[in-house]
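Structure first, then comments.
All of the numbers you see were taken from the coordinates with simple rules; none came from a lab. Owing to the predicted nature of the structure, the values given are computational and were not obtained by experimental measurement. Please note: Cβ atoms are built from the backbone with ideal geometry, for glycine as well, and neighbour counts cover all protein chains shown.
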Amino acid sequence: MLSPSPGRKVRLLLINPRSPESFWSFRWALENILPDKRALNPPLGLATLAALCPPAWEVEIIDENIEPVPLHPQVDIVGICGMAVQFRRQQELLDYYRQQGHYMVAGGSFASLCPERFAGLADTIVSGESEYIWREFCRDFEQNTSKTHYHESGVVNLEDSPTPRFDLLKLDRYTTVSMQFSRGCPYRCEFCDIIVMFGRRPRTKTLEQIGHELDVLRSRNIHNVFFVDDNLIGNKKQAKALLRYLVHYQKRHYYDFQFGTEASINLSDDAELLQLFRAAHFAWVFIGIESPDADSLKETLKTQNTGRDILTGVRTLYAHGIDVLAGFIIGFDNDTIDTFSKQYRFITDSGIQVSMVGLLTALPRTPLFERLQREGRLIAGSEHGDNTKPNTNIIPKRMGYEAMVQNYQALCQNLFSDYGIARRISSKIRYLKNPIYQGRYSLCQRLGIMRRLSTHVLLSGGPIRLFHFLRTVIAAPPRAWPQVLADWIAGLSMHDYIKRNFLTDLSREQRLAQITTTMLHKLCATDMHRGVVEIGSRISERGAHLQILLHGYVGRMFFTRAAHHLEKMLRRSTATVTLYIEALRADQQQPLEYLLKRLTPYGDRVSVWIDDRIRLIVPVDSSVFHLLLTREPHTGIPSA
């Protein structure tokens, strides 16, 4: 596609594809408890990219995690970013918009790690940090000399990074707004891709840049900010300068920002850093603990976690009012089946509620990936972007793969049982007596959260859950109650994710799918005989999948009755559903809308293909359902 004629504004659409659900989604909390929020963090990278565009360009940002993608945008360029877990959706969107004749640009962290995976999908691939190469692309596009690949091979000075276009983001739909002070991490963990992309020497923005970004967020009444630095204290001298600046900024403007970030556990060693973190109002920090086993840490070169008592470090952070979120990994060469019980004991004793436990995953270009590839221990064809699923792409060394997966599922179920959640809160509150976190909600919003928490959680959980909840609240000092509530919301959100996504009984899944298929057959036996409807199900190692094809018009009652049976199956299983709708009468619009509304709570497991003409009548929200964008529906329904 040629660039627009000289003098005409370039119209650019930037899209962050919908991410598959994971621990990190906290979908249950967003949908049921927190007021008017759709996702945790906005796409900071796209807001930065927009700020790098020429002033005359018209730029729009769409985050598919909070809103549907436009199906027929009137733009010159469509740029689509993505991490590894978003690659499948990124690929679909690139193909769809390219077929419409748009100039396509692919970028993001996965395009930086694996640009070869995007060959033929986009007109231009952008790899690496964008501050220099994106400006180069913009100039080339205006002159009709765009290259197929722009790769940043040098070092980007973050002083050249502009203030992100926060005005293009719908910030009110996120729980926290992202900022960045530094890139890079001085450590060399074998499994991490950060040093591959950003290097081991942390680079920082100026304090004036940070102040200007805070001014913009303050003008938009934003209070919760997440510094997404790979390790905020990678350069302690610069980190202390930032923290002192933040302390003075808040005092100077009489403003109450509440911060969170990522850092290494050696934060707990530095008394001055701890005091500054508290004074600057850092309510929480995410730490990659990975394992309490020193031999596993040494094996993976996590040297910053060795030679110390990690549990004492966590409690030191609590004593300064700072909550700890943490990542844990199982599957190192040193790990055995006994590792699962060690992890359970440590996580329970430490009281870390948001404990992201995952199986070791080898990311492309990392030292771990290259080593296991040499050893022939990578599982061909396995996904490698999300380590919060009960599968991985490596062959463990000291335990069987199936045993590892089964014990992983059991560990997560135990951690996020009502008892497990309450026990960790009790362990935490012994040390976190005066937390910085107090929530940033009005009195009306807090009452609403409490009402929804009572309705959706405590009553549905029965007397045992109510008992555990009350004992944690009673044991905590009043100032810690907001933290206790936040921990229950986080814990129950992860409990819900595990319940819906960790398959434990394949035969039960198959039974439910077959029952549902049989009931749907009875509903439309005549239509199936006429070839108007096809319904079938199949079972794989990932669970049950049911497909429905509507080639023609079916009775209105089909939609309402099918909604009951499909909703029941989805509620009681981890099954997935695909709907293909080729035809629809005007009088069926409302029944179809009713069906989609009933399936909305399970939208991450429902794929929908719908004819373009019908989309104009019944739009499908791609931020709720997986909207299939292929021109023609798939054929070949499996038999029941």
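Could you give the nm distance between label points at residue 319 and residue 119, where each point is 7 Å from its Cα heading toward the beta carbon?
Spacing of the two 7 Å Cα→Cβ label points: 5.7 nm.
Beta carbons within 10 angstrom, averaged per residue: use that to sort the peptides 179-188, 77-86, highest first.
Output ranking for 179-188, 77-86: 77-86, 179-188.
In deg cm²/dmol, rounded to 500, what helix-only [θ] at 222 nm does the chain give when every DSSP H run of at least 4 residues adds -39500 (n - 2.57) and the total is split over its residues?
After summing the helix terms and dividing by residue count, I get -12500 deg cm²/dmol.
Just want the ordering: 613, 165, 220, from fewest to most Cβ atoms lying within 10 Å of their own Cβ.
Ranked by crowding around the Cβ, least crowded first: 613, 220, 165.
Amide H to amide H, which residues 5 or more places from residue 262 or on other chains are under 5 Å from it, using H placed in the peptide plane?
229, 232, 286
Quick one: Debye curve from the C-alpha atoms of the range 11-151, no solvent, what's log10 I(q)/I(0) at q = 0.19 Å⁻¹?
-1.12
Please find the FRET efficiency linking residue 452 to residue 613, where r is the Cβ-Cβ separation and R0 is fixed at 56 Å, and quote it to the nearest 0.05.
For R0 = 56 Å, the calculated efficiency reads 0.90.
Would you work out the relative contact order for the range 293-421, in percent, from Cα pairs under 8 angstrom that are 6 or more residues apart?
24 percent
May I ask you to evaluate 6.51 cos²θ - 1.76 cosθ + 1.60, the Karplus curve with θ = phi - 60°, for each residue of the range 527-533 and list the ³J(HN,Hα) values in order in whole Hz, giving x for glycine and proline?
Along the range 527-533, the couplings run 5, 5, 4, 7, x, 7, 10 Hz.
For the range 390-545, what does the alpha-carbon gyration tensor say about shape, rounded, prolate or oblate, given a ≥ b ≥ c as the root eigenvalues, a/c under 1.5 as rounded, and a/b over b/c as prolate?
oblate
So if I place +1 on the C-beta of Lys and Arg and -1 on the C-beta of Asp and Glu, and nothing else carries charge, what would the dipole magnitude of the range 135-278 be about its Cα centre? I want it in debye, nearest 20.
280 debye
For the range 453-523, just the Cα atoms, rotate onto the principal axes and tell me the three extents in Å, largest first.
Result, largest extent first: 57, 21, 17 Å.
What are the extents of the Cα atoms of the range 259-357 along their three principal axes, listed from largest to smallest and rounded to whole Å?
Largest first, the range 259-357 extends 42, 24, 19 Å along its Cα principal axes.
Compute the separation of the alpha-carbon centres of the range 415-474 and the range 557-594 and state it in Å as a whole number.
What the calculation gives is 36 Å, centre to centre.
Expressed as a rounded percentage, what relative contact order does the chain have, with Cα pairs under 8 Å and six or more residues apart?
Averaging sequence separation for qualifying contacts and normalising by length gives 11 percent for the chain.
Would you mind checking the range 552-591 for residues with the amide N under 13 Å from a putative spin-label position 7 Å along Cα→C-beta of residue 522?
562, 565
Is the C-alpha gyration tensor of the range 517-574 telling us rounded, prolate or oblate? Criteria: a/c under 1.5 is rounded; beyond that, a/b larger than b/c is prolate, otherwise oblate.
Oblate, because a/c is 1.5 or more while a/b does not exceed b/c.
Which of rounded, prolate or oblate describes the range 340-461 when judged by the alpha-carbon gyration tensor and an a/c cut-off of 1.5?
Prolate, since a/c reaches 1.5 and a/b exceeds b/c.
Tell me, how many Å apart are the Cα centres for the range 345-374 and for the range 477-495?
The distance from the Cα centre of the range 345-374 to that of the range 477-495 comes to 25 Å.
How do 572, 11 rank when sorted from fewest to most other Cβ atoms within 10 Å of their own Cβ?
572, 11
First measure r as the distance between the Cβ atoms of residue 371 and residue 95, then evaluate 1/(1 + (r/R0)^6) with R0 = 30 Å and state the FRET efficiency to the nearest 0.05.
Calculated transfer efficiency: 0.30.
Counting Lys and Arg as +1 and Asp and Glu as -1, what is the net charge of the other residues whose Cβ lies under 13 Å from the Cβ of residue 47?
It works out to a net charge of -1.
Of all beta bridges DSSP finds with both residues in the chain, what is the antiparallel percent, to the nearest 5?
Antiparallel bridges make up about 15 percent of those DSSP assigns within the chain.
How high is the relative contact order of the range 191-303, in percent, with contacts defined as C-alpha pairs under 8 Å that are six or more residues apart?
Reported relative contact order: 25 percent.
Report, in debye and to the nearest 20, how large the dipole of the chain comes out about its Cα centre when Lys and Arg carry +1 and Asp and Glu carry -1 on their Cβ.
In total the dipole reaches around 1700 debye.
Taking every Cα atom in the range 506-627, find the radius of gyration and the maximum pairwise distance Dmax, and write them in Å.
13.5, 40
Give the distance, in whole Å, between the Cα centre of the range 7-58 and the Cα centre of the range 59-85.
Here the two parts' Cα centres lie 8 Å apart.
Beyond a 25 Å Cα-Cα separation, which of these cross-linked pairs lie in this structure: 342/428; 389/522; 302/499; 37/597; 568/597; 342/397?
Violating the 25 Å Cα-Cα cut-off are 389/522; 302/499.
Among 253, 456, rank each residue by its count of other Cβ atoms within 10 Å, from fewest to most, as a rough exposure measure.
253, 456
Efficiency by 1/(1 + (r/R0)^6): what FRET value for residue 145 and residue 60, r their Cβ-Cβ distance, R0 = 30 Å, to the nearest 0.05?
Plugging the Cβ-Cβ distance into 1/(1 + (r/R0)^6) gives 0.75.
If you place +1 on the Cβ of every Lys and Arg, -1 on the Cβ of every Asp and Glu, and leave all else neutral, what size is the dipole of the range 506-627 about its Cα centre, to the nearest 20 Debye?
Dipole of the range 506-627, to the nearest 20 debye: 460 debye.
With point charges of +1 on the Cβ of Lys and Arg and -1 on the Cβ of Asp and Glu, referenced to the Cα centre of the chain, which listed residue (212, 543, 175) lies farthest in the positive direction of the dipole?
Result: 175.
Net charge around residue 12, counting only other residues with Cβ within less than 11 Å of its Cβ (Lys, Arg = +1; Asp, Glu = -1)?
Surrounding charge for residue 12 is -1.
Count the net charge of all other residues whose Cβ sits under 12 Å from the Cβ of residue 561, scoring Lys and Arg as +1 and Asp and Glu as -1.
Summing Lys and Arg as +1 and Asp and Glu as -1 gives +3.
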